[in-house]
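Below is one structure; the comments refer to it alone.
The values are calculated or read from the model by the stated rules, or taken from the named source; none is laboratory data. Just so it is clear, the model here is predicted, and its values are computed rather than measured. For neighbour counting, all protein chains shown are included, and Cβ atoms are generated from backbone atoms with ideal geometry for every residue, glycine included. Side chains are part of the model used for accessible areas, which takes the heavy atoms of the whole protein and leaves out ligands, DNA and RNA. Shrake-Rupley method; radii C 1.70, N 1.55, O 1.52, S 1.80 Å.
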Amino acid sequence: METIVIFISIILVASILQTSTGFGFSIMATPFLLLIFHPHEAIQINIILTFVISVLLFRKIKTDIDYALLKRFIIGSLAGVPFGIILFISINLNTFKLGVSILLLLLTLLLICKFKVKPTKFRDFIVGWISGLLTTSIGMAGPPLLLYFTGTDTEKRELRATTLAYYIFIYCVSLITQIIFTGTDKIIWQSSLYAMVIVILGLFIGQIIFHKLNQRTFRLFTYIILSCTGVYLLVDSLSTL
């Protein structure tokens, strides 16, 4: 019963974040799903649910998408996907958790320090490559996009829309790649199916929150999510060394 409550809480909070910010599901869900599932199960559940959320929201966000940028992200990510699956197969669970925690904390630090970058087509491809690598290795496509968008002062609607549209592609490709190289199992699809009702509730709440968030609150919310998740995962990984 306790496991079910934890699972529902993780999915609900992560769904709300994904809908209201465009990036929160994988950052929130993957670390905490590792409390309940094996790494490949946690990653595949995250991939399935993020894909579903992005598809369900597409009609509402398609007018805010930067399609030229989206295309460059997609091309770059295709080159990163194979490297990500190789990394996932070769690392152990503790190293996996430690790597994710360091990534999140570094990202938070750069955002708080008001990291700035000038957008170029080449950098768009590089960000896509890193995102593709991270999706198949740790199930997190969002961190490099979030850092890049924030560093270029992208407006929150465009950030959310372009990120969600990109997720439809990259999580579909990553799920297929994961299944081919690491397999899948019944618990992944059952858990994902049970979570759908919670996801729909999260979508409804997240849409309400999104329309009430101003840009400053949006960024503060981002820092809190990233830092809390990163610290938790760092402590958890170090405690098992």
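Quick notes
- Cβ separations smaller than 8 Å between residues 6+ apart or across chains give the following pairs from region 173-188 residues that are within 9 Å of residue 40 (Cβ to Cβ) and in contact (Cβ under 8 Å) with a residue 24 or more places away in the chain to residues that are in a helix (DSSP H, G or I) and among the hydroxyl-bearing types (Ser, Thr, Tyr): 178/136.
- Taken over region 208-238, the criterion of being open to solvent by 80 Å² or more (accessible area, probe 1.4 Å) and either in contact with a Gly (Cβ under 8 Å, 6 or more places away or on another chain) or modelled with pLDDT under 75 (or both) is satisfied by 211, 212, 214, 216.
- Candidates 198, 205, filtered to the one that is at pLDDT 85 or above, farther than 21 Å from residue 36 by Cα and under 19 Å from the mean Cα position of the chain (by Cα): 205
- Within region 91-111, the set of residues being in contact with a helix residue (DSSP H, G or I) (Cβ under 7 Å, 6 or more places away or on another chain), of a type in the set (A, V, I, L, M) and either open to solvent by less than 70 Å² (accessible area, probe 1.4 Å) or within 20 Å of residue 163 (Cβ to Cβ) (or both) comprises 98, 100, 103, 104, 105, 107, 110, 111.
- From the list 138, 130, the lone residue that is more than 14 Å from residue 66 (Cβ to Cβ), modelled with pLDDT of 90 or more and buried (at least 17 other Cβ atoms within 10 Å of the Cβ) is 130.
- Hey, residue 27 more than 21 Å from residue 134 (Cα to Cα) and either part of a helix (DSSP H, G or I) or within 16 Å of the chain's Cα centre (by Cα) (or both) or not: no
- Check on residue 122, out of contact with any helix residue (DSSP H, G or I) (no Cβ under 8 Å at 6 or more places or on another chain), of a type outside the set (S, T, N, Q) and more than 30 Å from residue 217 (Cβ to Cβ): yes
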